[in-house]
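Here the structure is laid out as structure tokens; the discussion comes afterwards.
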Amino acid sequence: MIKSGLIQMSLPMTEGDGSIEEIIKAMTDKHIPFIEDAGRQGVQILCLQEIFTTPYFCPSQDAKWYVTAESIPGPTTELMSEYARKYNMVIIVPIYEKESAGFLYNTAAVIDADGSYLGKYRKNHIPHTSGFWEKFFFRPGNLGYPVFDTAYARVGVYICYDRHFPDGARILGLNGAEIVYNPSATVAGLSQYLWELEQPAHAAANGYFMGCINRVGEEKPWNLGRFYGSSYFVDPRGQIFAQASEDKDELLVAEFDLDLIDEVRSTWQFFRDRRPETYGKIVEL
């Protein structure tokens, strides 16, 4: 049995209310009571939302946000490692990563329950359309689709726009993921319908659990739209079994049995019946 948690959060301070440094501190500080709550509840694996320490600044194309990128390991992952050790809790930590000058990524670090850094996933699919000007800020990921052997389960990460691509979701399954977490920042509109369509489809097609996190509220001055929350857990049958509200800062906690993976895969033999030799078209440029 696994007890897992997802934190969805609104921005506590807008750009006009303080400096970039103050915004980052306010957003980080706002998360701490929720992280502590997860620890007290015995959550074993906790995932935060996409670039959790900052606004979703991608509606702009303003280079001033480059300064918010940091190294991994670095200050934020070290802070999260303290809470991981304190509560014996795995934490997935999505932040803006600076590998070196000009090499910036949308990344999620994975911290094990003893506070050790296991590795990171870099968002592979980078959108650049309709206010989501992410190519201005992020290089495409170059680490593939790693799966991390944590203290409690084999964990994979997909980030936001990645969820529109079934190919990486399948590779995570082939790499042995039991739970895939998708930290996101997505606003009301067409994506709200897709939000409860694509990820349950990935879970069912690959026979694993998913934890899917979205922000809440509106973030000025960009007025991209309303982040609609609705974070959820979905099982290997594609059934959503726990879901958060659309508009509240919230820690969603759920328990689930990893043995269901074997049960589902023994019924639906999708990995047995794959025909990779017929899929060459997928990798043609």
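What follows is calculated from the coordinates using simple rules that are stated; it is not laboratory data. Just so it is clear, the model here is predicted, and its values are computed rather than measured. Cβ placement follows ideal geometry from the backbone for every residue including glycine, while neighbour counts extend to all protein chains displayed.
For this structure, a couple of remarks:
- Members of region 80-110 that are buried (at least 24 other Cβ atoms within 10 Å of the Cβ), small (G, A, S) and in a helix (DSSP H, G or I): A84
- Extreme residue, surrounded by the fewest Cβ atoms within 10 Å (Cβ to Cβ), among residues of region 118-153 that are outside any helix (DSSP H, G or I) and of a type in the set (K, R): R139
- Sole exception among (1) closer than 26 Å to Y232 by Cα; (2) surrounded by 15 or more Cβ atoms within 10 Å (Cβ to Cβ) for W65, by number: (1)
- Checking each residue in region 236-285 for being hydrophobic (A, V, I, L, M, F, W, C), over 14 Å from A204 (Cβ atoms), exposed (fewer than 15 other Cβ atoms within 10 Å of the Cβ) and within 27 Å of the chain's Cα centre (by Cα) picks out I282, V283.
- The residues in region 235-275 that are assigned to a strand (DSSP E or B) and of a type in the set (A, V, I, L, M) can be counted, and the count is 6.
- Looking only at residues in region 171-183 that are part of a helix (DSSP H, G or I) and either surrounded by fewer than 16 Cβ atoms within 10 Å (Cβ to Cβ) or not small (G, A, S) (or both), the one that is nearest to the chain's Cα centre (by Cα) is L172.
- Residues of region 64-80 satisfying the condition of being free of Cβ contacts under 8 Å to residues at least 24 places away in the same chain and farther than 13 Å from I111 by Cβ: P75
- Just one residue in the set G168, G156 is of a type outside the set (A, V, I, L, M), part of a helix (DSSP H, G or I), surrounded by 14 or more Cβ atoms within 10 Å (Cβ to Cβ) and touching a helix residue (DSSP H, G or I) at 6+ places or on another chain (Cβ under 8 Å); that residue is G168.
- Evaluation of T186 against (1) surrounded by fewer than 17 Cβ atoms within 10 Å (Cβ to Cβ); (2) polar (S, T, N, Q); (3) closer than 24 Å to S60 by Cα (one fails), failing number: (1)
- Taken over region 208-234, the residue count meeting the criterion of being in a strand (DSSP E or B) and either more than 16 Å from M9 (Cβ to Cβ) or out of contact with any strand residue (DSSP E or B) (no Cβ under 8 Å at 6 or more places or on another chain) (or both) is 4.
- Residues (of a type in the set (S, T, Y) and either in contact (Cβ under 8 Å) with a residue 60 or more places away in the chain or not in a loop (DSSP other than H, G, I, E, B) (or both)) located in region 44-63: Y56, S60
- In region 8-38, residue surrounded by the most Cβ atoms within 10 Å (Cβ to Cβ) [restricted to those that are assigned to a loop (DSSP other than H, G, I, E, B) and of a type outside the set (G, A, S)]: M9
- Filter result (without any contact (Cβ under 8 Å) to a residue 12 or more places away in the chain and surrounded by 24 or more Cβ atoms within 10 Å (Cβ to Cβ)) within region 201-218: none
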